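**Q** Take this structure first; my questions come after.
FYI, it's all coordinate maths here, none of it is from the lab. Not measured: the values here are computed from a predicted model. Note that we place each Cβ from the backbone using ideal geometry, even for glycine, and neighbour counts take in every protein chain shown.
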Amino acid sequence: MNMSKTMVKIFFLVVFWSRHTNGFSPVLQQMTSERVTFSSAARYRLRAVSPEFDEVCDTTGVTLTRFMQEVENVNPELSELAQLISGIQTASKAISNLVKRSQLPSSSVLGLEGAINVQGEDQKKLDVITNDVLKRALKHTGTVGVVASEEEDTPMNVMSERKTKDVIYDEGSSYVTVFDPLDGSSNVDAGIPTGTIFGIFHHDESCDISAFLDAPEDSNFNMDDVVCMVNTLQPGNNLAAAGYVLYSSSTFLTLTIGSGVYGFTLDEQIGEFVLSHPCIQLPDEMNIMSFNEANWDLWDEPMQNVHERWRTGKSKLGKRYTSRYVGSMVADVHRTLLYGGVFGYPSDSKNVNGKLRLLYEAAPMSFLIEQAGGLSTTGRERIMDLTPENVHQRVPVVMGSKTEVQEVIDEYEKFHEGQ
C-alpha cells in the first residue's frame, strides 16, 4: 500500500505540552526526564530554493489569486501552497467583515467568551469565532495536516471532527500552519487595528512512520518519533511562507513565500485582494521606535541604554527618535515595514522570557522583516534560529531596520562581554 496516498490517523492520547509541566502526559513523561526538543537528526531544514516570480507579480493591481496562479505556473511544486493561501485569504475576508460589524448593536461578537485560553488570558468572543473561521478555511483546502493556534491548548488536525485533545497526524497533508487568529483583540472594542498572523511550515516527509504504524497500540513511543509526528515545533528558518492580515482603514494582507515581501489591499467592490505594495523593502535606518515605553524601568540594562540614546539623539543615527506605538503587533509591524524604524517588545522583570509567542507571532513576523531587508533578534539571538520548546513559548522581540536592530545587538554583546 502506498502510504503517500493513504490518509493515516494516529491518535496520541496525551495532553501536548501541558502549561504547568511543559511536558507530556505521565504515559510519555516516564520516557524522559528532559524537556522535549528536536534531536540533531530531527532538526530538519525544509526550506526549498526561493521560488521564481513571473513579471506579473511586480505589477501593481494584480489580484492575489492571479498572483499565486502565476507563482504556481512558474513553480508547479507550490500548487498546494497556492491552495492554502487561497484558504487564508477567504478566511481573512470573513474575519474583516466580522471585525467591521462588531460595533453594531445587532452584533453579538463583542465581549468575553467566558473561557480562559492556555496562556491564562480571557478569551473574547471574536478570538474564538476567528479561530474557528481559520480552522474551517484551512480544512477545506485539503493541504493542511496540523495547525497550532494561540487559542488552542494543543496542536490539532483540521481534517478531524473529533472533539478531543488528541494530536493527530495526517500523512496526506503537506503543510503545518500556525496562527494567531486575532492579534490585538483586547483593543477591538475600542476600534483599534487588529490582525491575523500566520506561518506555514512543510511536513517533515523524511519522518519514517511505518514502524510506528505497525506497532501494537500498547507499544512504547520513542520521543523523537512523537516530535516528528507532531511536526509543529520547527524553527523560523523552516518556514515556507508567512504573513499577516491587518484589519484597519483598509484590510491589508502582507505575504512572503521566501522571495521578497508583497502587500495586498482588499478591494471590497470586487471582493479581491489586489497587489498594492510589490517588493516591500525596509529602509536601512529610520528614526522611529515602537515600544511600550511604560515598561522602560523594567527592561534589561542594554535595552534601556539604547532606548535612552534614541530618545536623546545620541544614537548611531544622530537623531532624536519619534515614538509610534499602537499596541497591536500587526499594526506596529505593518507601519515598520512601510516606513522603517524599529518595533520591539523586550523582556522585562515581569516577563523575563518576553511577551510575544515565538512559533506563531515572532517567527512569522521575523521571516517577513528579514525578507524585506531588516533584522530580527531577541537581543541575544536571531529569532529565526530558535527552535520552540513548546507551542506557546514566549521570547523577547526587537525587529526592523538594520541600523536600529544592530545597535541593540551590539549593546547586548557589549554588556555581556563586560560581565
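**Q** Mind jotting down the distance between the C-alpha centroids of segment 240-273 and segment 365-419, whole Å?
**A** First find each Cα centre; the distance between them is then 25 Å.
**Q** Okay, next question. Please turn the phi angles of segment 304-313 into ³J(HN,Hα) values with the Karplus equation 6.51 cos²θ - 1.76 cosθ + 1.60 (θ = phi - 60°), one per residue in order, whole Hz, x for glycine and proline.
**A** Ordered by residue, 3J(HN,Hα) equals 4, 4, 5, 4, 5, 5, 4, 5, 9, x Hz.
**Q** Find out how many positive minus negative residues lie around Lys319, taking Lys and Arg as positive, Asp and Glu as negative, among other residues whose Cβ is under 15 Å from that of Lys319. Could you put the intermediate results ahead of the total?
**A** Values: positive: Arg309, Arg311, Lys314, Lys316, Arg320, Arg324; negative: Asp284, Glu285, Glu308, Glu404, Glu407.
That sum, taken over residues with Cβ under 15 Å, equals +1.
**Q** Calculate, for Ala190 and Asn292, the FRET efficiency according to 1/(1 + (r/R0)^6) with r their C-beta to C-beta distance and R0 22 Å; round to the nearest 0.05.
**A** On the way: r = 17 Å, r/R0 = 0.75.
Computed FRET efficiency for Ala190 and Asn292 comes out at 0.85.
**Q** Residues in segment 349-385 near a label at Glu301, defined as backbone nitrogen under 16 Å from the 7 Å Cα→Cβ point?
**A** 349
**Q** When the chain is fully extended, how far beyond the present Cα-Cα distance does Arg136 get from Ser349, taking 0.36 nm per residue of separation? Before the final figure, lay out each step's value.
**A** Details: separation 213, 0.36 × 213 = 76.68 nm, distance 3.91 nm.
Result: 72.8 nm gained on full extension.
**Q** Tell me, Kirkwood radius of segment 245-309 from alpha-carbon pair distances, in Å?
**A** Details: mean 1/r = 0.0667 Å⁻¹.
Evaluated over segment 245-309, this radius sits at 15.0 Å.
**Q** From the phi of every residue in segment 237-244, what ³J(HN,Hα) in whole Hz does the Karplus formula 6.51 cos²θ - 1.76 cosθ + 1.60 yield, where θ is phi - 60° and glycine or proline is x?
**A** 4, 8, 5, 8, 7, 7, x, 8
**Q** Tabulate in residue order the Karplus-calculated ³J(HN,Hα) for segment 255-261, using 6.51 cos²θ - 1.76 cosθ + 1.60 with θ = phi - 60°, rounded to whole Hz; enter x for Gly and Pro.
**A** Couplings: 9, 9, 10, x, 9, x, 10 Hz.
**Q** Now, a different point. 5 Å is the cut-off here: which amide hydrogens, built 1.01 Å from N in the peptide plane, fall below it relative to Glu272, excluding neighbours closer than 5 in sequence?
**A** Hits under the 5 Å cutoff: Asp267.
**Q** Report Rg (one decimal) and Dmax (nearest whole number) for segment 367-419, counting Cα atoms only, units Å.
**A** 12.0, 34
**Q** Over segment 328-415, one equal point on each Cα, no solvent: what is log10 I(q)/I(0) by the Debye formula at q = 0.12 Å⁻¹?
**A** Results for segment 328-415 at q = 0.12 Å⁻¹ read -0.31.
**Q** Can you give the FRET efficiency for Ala94 and Tyr325, using 1/(1 + (r/R0)^6), R0 = 30 Å, r = Cβ-Cβ distance, to the nearest 0.05?
**A** So the FRET efficiency works out to roughly 0.55.
**Q** Answer with one residue from Met289, Leu358, Thr312: the one whose Cα lies farthest towards the positive end of the charge dipole of segment 279-390, charges on Cβ with Lys, Arg +1 and Asp, Glu -1.
**A** Projecting each Cα onto the dipole axis, the largest value belongs to Thr312.
**Q** Same structure again: Test of the criteria: in segment 341-419, which GluC sites (Glu not before Pro) are in a DSSP loop and have at most 13 other Cβ atoms within 10 angstrom of their Cβ?
**A** Passing both the DSSP loop test and the Cβ count: Glu381.
**Q** What FRET efficiency, computed as 1/(1 + (r/R0)^6) with R0 = 45 Å and r the Cβ-Cβ distance, is obtained for Ser249 and Gln419, rounded to the nearest 0.05? Display every interim value, and only then the final one.
**A** Working: r = 46 Å, r/R0 = 1.03.
With R0 = 45 Å, the Cβ-Cβ based efficiency is 0.45.
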